[in-house]
1. Can you tell me which of Met43, Met87 is aliphatic (A, V, I, L, M), out of contact with any His (no Cβ under 6 Å at 6 or more places or on another chain) and surrounded by fewer than 14 Cβ atoms within 10 Å (Cβ to Cβ)?
2. Do the conditions hold for Leu29, that is, is it within 16 Å of the ligand (Cβ to nearest atom), assigned to a helix (DSSP H, G or I) and hydrophobic (A, V, I, L, M, F, W, C)?
3. Quick check on region 53-88: of everything there that is in a helix (DSSP H, G or I) and within 16 Å of the ligand (Cβ to nearest atom), which residue is farthest from Leu29 (Cα to Cα)?
4. Restricting to region 114-131, count the residues that are within 16 Å of the ligand (Cβ to nearest atom) and of a type in the set (Phe, Trp, Tyr).
5. For region 107-163, give me every one of the strands (runs of 3 or more DSSP E) that falls completely inside it and has 3 or more residues that are in contact (Cβ under 8 Å) with a residue 40 or more places away in the chain and within 18 Å of the chain's Cα centre (by Cα).
6. Residue by residue through region 90-113, note down the ones that are more than 16 Å from the ligand (Cβ to nearest atom), over 13 Å from Ile146 (Cα atoms) and surrounded by 13 or more Cβ atoms within 10 Å (Cβ to Cβ).
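Every read-out reported here was derived from the displayed coordinates using simple, explicitly stated rules and does not represent laboratory data. Here the structure is a predicted model, which means the values were calculated and not measured. Quick reminder, even Gly has a Cβ in these numbers, built from the backbone with ideal geometry, and neighbours come from all protein chains shown.
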Amino acid sequence: MLSNVLKEIIREKIAHGEHPREHAVDVMLEIQKHHGHMSDEAMIEASKLLGMTPLELEELATFYDHIYREPVGKYVIRICDGTLCWMQDHLSVVEHIASRLGIRMGETTPDGLFTMLPVCCLGYCDRAPAMMINQRIFGRLTPQKIDRILQRLRDEASLAEAE
Ligand code: FES
């Protein structure tokens with residue numbers, strides 16, 4: 001259930017536009033910021049606020065990579081499987097991360113910290129193989145570099161928890 005505060009933020013967002021549906025993606029991202037993903041209930045409530053049917057909103061949610069219909073980890077690791085990354089052995093990146101985190105593609109670690117998903121070209125082809133974690137892009141990945149990144153994120157999460 002969306003809080004009244006969140007509904008107010010959404011109403012404020014959609015007030016500036018010809019039609020509320022223009023802001024559908026923004027609204028879903030805002031909801032995710034508070035709830036982590038777009039649950040069925042959130043989809044229904046958001047569609048009402050946007051003047052859309054739940055099916056129309058579902059179609060948009062399916063189209064956009066960054067809208068999550070299932071719960072995801074604090075850090076969403078998107079590994080590029082575009083042509084250039086594929087040529088630079090992106091599979092070894094997938095295998096390395098999978099072995100370090102003990103999850104397969106599409107899964108989330110039991111501690112809720114990491115989710116691993118595929119993504120098509122990140123526009124970082126000259127630094128393939130590449131991945132994106134939340135809003136940060138990393139390229140020229142090697143097993144050592146991946147280990148450092150994962151460790152940094154674990155440290156960051158522990159620090160945030162301790163605060
Ligand atoms: S193919 Fe991977 S970043 Fe372009």
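1. Values: Met43 fails: surrounded by fewer than 14 Cβ atoms within 10 Å (Cβ to Cβ).
Answer to the check: Met87.
2. In short, no.
3. Met87
4. So the answer is 1.
5. 114-119, 131-133
6. Matches in region 90-113: Ile103, Glu107, Thr108, Thr109, Gly112, Leu113.
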